[in-house]
1. Note down all Cβ pairs under 7 Å where the first residue falls in region 31-59 and is under 9 Å from Gly81 (Cα atoms), the second is open to solvent by 40 Å² or more (accessible area, probe 1.4 Å) and assigned to a helix (DSSP H, G or I), and they're at least six residues apart or on different chains.
2. Could you list, in sequence order, the residues of region 52-66 that are surrounded by 15 or more Cβ atoms within 10 Å (Cβ to Cβ) and either within 30 Å of Thr35 (Cβ to Cβ) or at pLDDT below 95 (or both)?
3. Quick test for you: out of Leu12, Leu16, pick the one residue that is in contact (Cβ under 8 Å) with a residue 60 or more places away in the chain and surrounded by 14 or more Cβ atoms within 10 Å (Cβ to Cβ).
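The values are calculated or read from the model by the stated rules, or taken from the named source; none is laboratory data. These figures come from a predicted structure and were not determined experimentally. Cβ coordinates were reconstructed from backbone atoms using ideal geometry, including for glycine residues, and neighbour counts include every protein chain displayed. In case anyone asks, the SASA skips ligands and DNA or RNA and just uses the protein heavy atoms, side chains included. Shrake-Rupley method; radii C 1.70, N 1.55, O 1.52, S 1.80 Å.
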Amino acid sequence: MTNLEWTPTTVLEAILSAEPVKDRGYYFAEDDQNTRFYSFQDMIARARRRGSELQALGLKQGDRVALIIPDNDEFVVSFLGALMAGVLPVPLYPPFSLGKLDAYLKG
């Protein structure tokens, strides 16, 4: 099937349709101006593992999971992993001061 015959209608379909692509992927910028690269295949594999981890915690299809993750690539992996597990990711903005993140997570 070519791209002209089928167009993804969801984020998950779009991500999974890129799985065969080996030489492209995601770049994540770090504060020190370095970047990390994950191929589409690597990111999908990581997201599948994260989805399995969420299911192992007892989350099932239709459940919601709050995501408060300041690390860019871990947020994307968790978001996609939740989608793959059928869990609804609910992104929450971390507190203004990340130095208080531990207190925020305990509260």
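1. As it stands, the answer is Ile44/Leu16; Ala47/Met84; Arg48/Met84; Gly51/Met84, since those pairs meet every condition given.
2. Taking region 52-66 first, the residues surrounded by 15 or more Cβ atoms within 10 Å (Cβ to Cβ) are 54-55, 59, 63, 65.
Across region 52-66, the qualifying residues are Leu54, Val65.
3. Leu12
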